[in-house]
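The values are calculated or read from the model by the stated rules, or taken from the named source; none is laboratory data. Predicted model, so just to flag it, every value in this text is computed and none were measured. Methodologically, a virtual Cβ is constructed for each residue, glycine included, from the backbone with ideal geometry; neighbour enumeration extends over all protein chains shown. Heads up: the accessible areas ignore ligands, DNA and RNA and are worked out on the full protein's heavy atoms, side chains in. Shrake-Rupley method; radii C 1.70, N 1.55, O 1.52, S 1.80 Å.
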Amino acid sequence: MPLRIVISDCLLGAACRYDGGSKPHLGCLRLARRLRAQGGEQAVAPICPEMLGGLPCPRTPAEVRGDRVVRSDGVDVTRAYTDGAARSVDIAKASGARLAILKARSPSCGSGAIYDGTFSGRVVPGDGVAAQMLKREGFTVVDEELVKYCEPSFEHPVAIVLGSGLGAVADRVRAVRRIPYEDIEGFPAEAIPVEEHRFEVLVGTIDGMPVVVYPGRVHLYQGYSALEVTSLIRHAYRLGCRDIILTCASGAVGDIEPGTTGIIRDQLNLTGVNPLASAACVAEAEIEVPFISMAGGYSSYLAEFARAAAQDAGAPLAEGVYAGLLGPTYETAAEVRALGVLGADYVGMSTVCEAIMAHALGMQVLGLTLVTNKAGLASNTHAEVLEEAERGGEVCQKIILGVLRYLGGSHA
Ligand code: SF4
């Protein structure tokens, strides 16, 4: 089933706000138009929880105060807000959507930050009543600001770092510019093999979508530092990329079959290093202190696009936690058992430092891993891993292309 979304009706231009107006949002309108073009009218389910709760339009403004919703004149309207949220959840479930794009800061739709209940304009961490209920039901809830932030354009192309087996993605780039890796600040120039022709950044488009593709990377196990292995990420950021797709090969810790593509939902950085343990990286990321939260390190928003793209491609899609190890040896059977206990589903030797760097820079990260083997088997060889990566690469490529298609962009 193509991607379906639930969206706050006021973002689509419906005059349902407390003041009788609307808040049409260009990025949301474009996304809705694109999804409807691909999946029909039912691809987009507009909701206004407050109207669904029976409230009039216009109405007296209200804000969340503790576990209540209170109007500016002091009247408690919790019941109407709760009823509207429950009806919104029913509509969302019936629509088949998993993703809800809701208006920021509203007492119903706000997610992550809402007005604090004093009607002073102060914003505090928290969720509106409908957003809370949708999250409890397992929906991915984001606001319109994220839609705008993630929308690719020529100023903000999508970065794609290609792991083993995905070279064909680079072949699809209509390049307008090629940048040799040796010109990337911080990239170890000596890592470039003389006969290697593909260690160059491809800036251009894939099916009309602005992209910056990195067809290869260096690894910690080659002796490079966390600073060096994340130089591509900082380069992508400097080129304006806000969305980044990190791809890699991995071994299955559990029962995922080789050849399967998996979403990386979270990670275990077991490499023993961290790119932010470097003054240069911290300065580059323009963060005051390196103690950043890794919550949301992998974008749940982009993951929804990947799920839909996999469904479109008729491809099975795994989901799980990626453990990044230093390598270069493959894992022992005991290490694989330990990784299982730690909650890992895949294990590999890349990606985790890149994801930390990208997240610190404020990029939205989609992690895709191509499972090439069962981890811990005596039969694991590099040649077999590469062979399986080549075989499974086609499906992973389809998912990447599907994500790009869904992302659309302001240029489209
Ligand atoms: S309840 Fe949500 S959809 Fe309705 S007006 Fe408020 S923010 Fe918009």
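Things worth noting here:
- Scope segment 133-144; condition closer than 23 Å to His25 by Cα and away from the ligand (no atom under 13 Å from the Cβ); matching residues: Lys135, Phe139, Thr140, Val142
- Looking across segment 205-219 at every residue that is out of contact with any Asp or Glu (no Cβ under 9 Å at 6 or more places or on another chain) and open to solvent by 10 Å² or more (accessible area, probe 1.4 Å), the one that is nearest to Thr329 (Cα to Cα) is identified as His219.
- Odd one out for Ile264, checked against (1) open to solvent by 20 Å² or more (accessible area, probe 1.4 Å); (2) modelled with pLDDT of 95 or more; (3) under 16 Å from Ile245 (Cα atoms): (1)
- Residue match in segment 70-84 (condition: more than 19 Å from Phe119 (Cβ to Cβ) and either in contact with a helix residue (DSSP H, G or I) (Cβ under 7 Å, 6 or more places away or on another chain) or in the same structural domain as Gln311 (by TED's automatic domain parsing) (or both)): yes
- Candidates are the residues of segment 86-131 that are away from the ligand (no atom under 16 Å from the Cβ) and assigned to a helix (DSSP H, G or I); the one that is most open to solvent (accessible area, probe 1.4 Å) is Lys93.
- Some residue of segment 298-305 being surrounded by 15 or more Cβ atoms within 10 Å (Cβ to Cβ), touching an Asp or Glu at 6+ places or on another chain (Cβ under 7 Å), in the same structural domain as Leu220 (by TED's automatic domain parsing) and outside any helix (DSSP H, G or I): yes
- Within segment 281-290, the presence of a residue that is in a loop (DSSP other than H, G, I, E, B), in contact with a Gly (Cβ under 6 Å, 6 or more places away or on another chain), touching a residue at least 60 places away in the same chain (Cβ under 8 Å) and in the same structural domain as Leu370 (by TED's automatic domain parsing) is excluded.
- Index of the failed condition, Arg217 passing every other in (1) in contact with a Gly (Cβ under 8 Å, 6 or more places away or on another chain); (2) not in a loop (DSSP other than H, G, I, E, B): (2)
- Taking segment 313-375 and the strands (runs of 3 or more DSSP E) fully enclosed by it, the elements with 3 or more residues that are within 28 Å of Cys150 (Cα to Cα), modelled with pLDDT of 95 or more and open to solvent by 10 Å² or more (accessible area, probe 1.4 Å) are at 317-325.
- Filtered residue count, segment 258-287, keeping only those that are of a type in the set (A, V, I, L, M, F, W, C) and under 21 Å from Ala338 (Cα atoms): 4
- Against the numbered list (1) over 27 Å from Glu388 (Cα atoms); (2) at pLDDT 90 or above; (3) among the hydroxyl-bearing types (Ser, Thr, Tyr), Ser278 comes up short only at (2).
- For segment 275-302, the set of residues classified as among the aliphatic types (A, V, I, L, M) and under 30 Å from Arg405 (Cβ atoms) consists of Met294, Ala295, Leu302, listed by residue number.
- The one condition in (1) under 20 Å from Ala306 (Cβ atoms); (2) outside any strand (DSSP E or B) that Phe187 fails to fulfil: (1)
- Contacts under 8 angstrom Cβ, first residue in segment 18-33 being under 23 Å from Ser153 (Cα atoms) and not assigned by TED's automatic domain parsing to the domain that holds Leu102, partner modelled with pLDDT of 95 or more and near the ligand (Cβ under 10 Å from one of its atoms), 6 or more apart: none
- Close Cβ contacts (under 7 Å, 6 or more residues apart or on different chains) running from residues in segment 120-141 that are farther than 15 Å from Cys48 by Cβ and touching a residue at least 24 places away in the same chain (Cβ under 8 Å) to residues that are of a type in the set (Lys, Arg) and part of a loop (DSSP other than H, G, I, E, B) comprise Phe139/Arg98; Thr140/Arg98.
- Meets criteria (more than 19 Å from the chain's Cα centre (by Cα), at pLDDT below 95 and either within 16 Å of the ligand (Cβ to nearest atom) or among the hydroxyl-bearing types (Ser, Thr, Tyr) (or both)) for Ser153: no
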